[in-house]
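Take a look at the structure below.
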Amino acid sequence: VQRFAGRVAIVAEKDLTPLPVDPKLKRGAKVLAPWVGVFYEAKVTAVDGARVTVKLSDKGVYDKPIVTALGQVLPKD
């Protein structure tokens, strides 16, 4: 797999979680969103086509909204 900053790692297939091709995200949905190479719990604040704006749930990591691509967020169950 390719990780943050172009780093590459070998990972067992059982440890991978596929990203959904077409997640049906709406405002308020709980997701995992990337920030500096790590996935954090977040809440969707806006969806605009393929762009998703999220707010990280973990206080102190980054307090401003993050805009990312639809394929970069993982819906939480």
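The values are calculated or read from the model by the stated rules, or taken from the named source; none is laboratory data. Since the model is a prediction, treat every value here as computed from it, not as a measurement. Note that each Cβ is placed from the backbone with ideal geometry, even for glycine, and that neighbours are counted across all protein chains shown. The accessibility values were calculated without ligands, DNA or RNA, using every heavy atom of the protein model including side chains. Shrake-Rupley method; radii C 1.70, N 1.55, O 1.52, S 1.80 Å.
Cross-link partners for Lys24 among the aspartates and glutamates, with Cα-Cα distance under 16 Å and sequence neighbours closer than 8 places in the same chain left out: Asp48, Asp77. The apolar share of the surface of the chain, taken as the fraction of accessible area on carbon and sulfur atoms (1.4 Å probe, ligands and nucleic acids excluded), comes to 54 percent. Model label sites at Lys14 and Val38, defined 7 Å from Cα along the beta-carbon direction, differ in position by 2.6 nm. The radius of gyration of the Cα set in the chain, together with its Dmax, comes out at 12.8, 35 angstrom.
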